[in-house]
Amino acid sequence: MTRALRQLLVTGGALVLPLFVCAHNGEFLLAKLTLRTDGAVVLRVTADTEANFTIQDRAQLAKAAETLFLLSAGKETTPLAKVAGEPTFTADTKLDPAAPLGHTPEELAKAYKLESVEWTWTPESPKFVLRLPEMSPHTVVLWLDDQTKPATKPRWVMMIAEDESPLIVAAPSTRREIPWWVDEPFLVLGAALAGTALMWFALGLNRIGEWLDRKPKA
C-alpha cells in the first residue's frame, strides 16, 4: 500500500489523507520543504525519537541526515548534504500544527520527543527533485510550504526507497552575485588607479620639496 502511494500528490482543495497517515505516526519522518520568496530553500526533517524504529536520538538523526536525500537538477544527482552544507539540529515537544496530517487537538496538545535537522540553501537551479536513495530504510512524508504562493494548499507526497518527489520550483534568487570574470577586471582596474594616484601624489611631494630647496632663504 505504501508503494502505491508513492506518487500521490495533493495539489489543492481539502486534503484527504489515508486514515493511517492522518493520526500521528512516529514511523514516518516529516519533511517540510519551504520555498522562500528570496529563492532560498529550507528543508526541515523531524523524527519522533520515541516511536521511530530507525532514529531514536539526535546522534542517529545526524548519521541518517548524511545520506537522507539526493538532489537531482537536470542530469546531475548529488547528495543533499553536499549541496546544502552543514545542517542545524533542534529539539521540540510539539507537533507542527500546519503539517497536512490531520492532527487532532488531543495530538497537538500532547508532548513528544522530537528531533529535527534543517538545511537552508539557495539552489543553483531553481528546478529540482528530491530522491530517497536505494535501500533507504525511511518512510518520509514530504510537504511543501510555498511562501511565494501563500494561498495555495500544502502539497505532499509519501516517499520510500528510490522514490522521487514531483518537480520542485523555487523562486528566482534575489541574491546579487558578480561573477569572477566581471569582478576581477574591476579589482585590477581599481588597484591600477590607486597605484597611479599614489605615484602622482609622491611625485607632487617630491616637486614641492625641490621647490622649497631652491627657494631663497630669508
Exercise for the section: Determine, yes or no, whether ARG131 is basic (Lys, Arg) and under 12 Å from LYS32 (Cβ atoms). Expected result: no
Problem - Residue that is at pLDDT below 95, surrounded by 13 or more Cβ atoms within 10 Å (Cβ to Cβ) and small (Gly, Ala, Ser), where the choices are ALA40, ALA31, ALA64, ALA51 - result: ALA51
Handout entry: Those residues of the stretch 86-126 which are modelled with pLDDT under 95 and within 23 Å of ALA171 (Cβ to Cβ), in sequence order
Key = ASP96, ALA98, ALA99, PRO100, PRO123, GLU124, SER125, PRO126
Exercise for the section: Taking THR37 as meeting all but one of (1) touching a strand residue (DSSP E or B) at 6+ places or on another chain (Cβ under 9 Å); (2) β-branched (Val, Ile, Thr); (3) in contact (Cβ under 8 Å) with a residue 24 or more places away in the chain, write down the number of the exception. Expected result: (1)
Handout entry: Residue count, the stretch 32-56 (criterion: more than 9 Å from the chain's Cα centre (by Cα) and outside any loop (DSSP other than H, G, I, E, B))
Key = 5
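The values are calculated or read from the model by the stated rules, or taken from the named source; none is laboratory data. Because the structure is a prediction, the values reported are computed rather than measured. Every residue, glycine as well, gets a Cβ built from its backbone with ideal geometry; the counts of neighbours run over all protein chains shown.
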